[in-house]
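Throughout, read-outs are computed from the coordinates displayed, never taken from laboratory work. Keep in mind it's a predicted model, so treat the numbers as computed, not measured. Virtual Cβ from ideal backbone geometry, glycine too; neighbours counted across all protein chains shown.
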Amino acid sequence: MADNVVHEVTAPTREAYELLQRTNKTNPDKADVAALRTMLAKVPELWRQAGDLQERAYTVTAETIQGTPFVRESIKAGRVALRRELGYDGATELERLLIDHVVLCWLRQQMMELRYVQTTHDGTRTLKQSEYDERRMTATQGRYLRALETLARVRRLLRMPPVVQVNVGAQQVNMAGMDVRKP
C-alpha cells in the first residue's frame with residue numbers, strides 16, 4: 001500500500017533534482033557547480049545524501065556480508081539499536097561522530113571475528129593464512145577499543161565542570177565545579 005503513495009514534487013525539489021542531474025557528470029558547467037555549492041550552503045543537511053562517507057563506509061561494509069536478506073536487515077537493525085544504546089539521539093555532534101565511528105569499528109571487528117572462526121576451524125587454512133587473519137582481527141579489535149575509549153574520554157571531558165584559576169598577587173585560588181560562565 002505504501003508503495004503506491006505518490007509524492008508531489010515541488011518546484012524547489014524539481015530544480016534541485018535538475019541541478020543534480022546537470023552536475024552529476026565529469027565536466028559540469030562551472031555555473032551549475034556554483035549553484036550546487038549555494039544549494040548545499042542553504043540546505044546543509046543535503047550533503048549527507050551523497051557526501052556522508054561514514055554512512056557510505058558502513059553501507060559498503062555491511063553489503064560485503066554474505067547472507068540472506070534477514071541477515072543483512074538484522075545487521076542494519078543492530079546498527080540502529082547500538083547507536084540508540086550509545087545515546088546517539090541525545091548526543092552532541094562530536095559524540096555522534098564518535099558513536100558512528102564506534103559502530104563502524106564494531107561491525108568490522110565482528111566481521112573479522114566471524115571470518116577468523118570460520119576459516120580457522122574449516123581446516124583448509126595454512127598457518128601463514130591463519131596468522132594473517134589473527135593480525136587483522138587484532139587490528140580491528142584495537143581500532144574498536146580505541147574508538148570506545150575516545151568516546152568515553154570525550155564524554156567525560158564534556159561533562160567535567162570548568163576549572164578556574166585566579167591569581168591575586170602571590171595567592172592562587174582554584175575554583176572547580178563552579179560554572180563561572182553563567183551570570
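Using unit Cβ charges (K, R positive; D, E negative) and no other charged atoms, how large, in debye to the nearest 20, is the dipole of segment 66-159 about its Cα centre? Please list the in-between numbers first.
Working: 18 positive and 12 negative charges, 45 e Å.
Roughly 220 debye for segment 66-159.
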> Where does the charge balance sit around residue 66 when Lys and Arg score +1, Asp and Glu -1, over other residues with C-beta under 13 Å from its C-beta?
Replying inline: +1
> Once the dipole of the chain is set up with Lys and Arg at +1 and Asp and Glu at -1 on Cβ about the Cα centre, which of 33, 51, 171 lies farthest towards its positive end?
Replying inline: 171
> In nm, what is the difference between 0.36 nm times the number of residues separating residue 153 and residue 168 and their Cα-Cα distance?
Replying inline: 2.1 nm
>> Can you compute the charge dipole magnitude of the chain about its Cα centre, using +1 on each Lys and Arg Cβ and -1 on each Asp and Glu Cβ, nothing else charged? Give it in debye, rounded to the nearest 20.
In response: 580 debye
> Which distance in nm do the two modelled labels at residue 70 and residue 46 give, with both placed 7 Å along the Cα-to-Cβ direction?
Replying inline: 4.2 nm
>> Could you tell me which residue out of 68, 94, 107 lies farthest along the dipole of segment 66-159 toward its positive end? Charges go on the beta carbon: Lys and Arg +1, Asp and Glu -1, centred on the Cα centre.
In response: 94
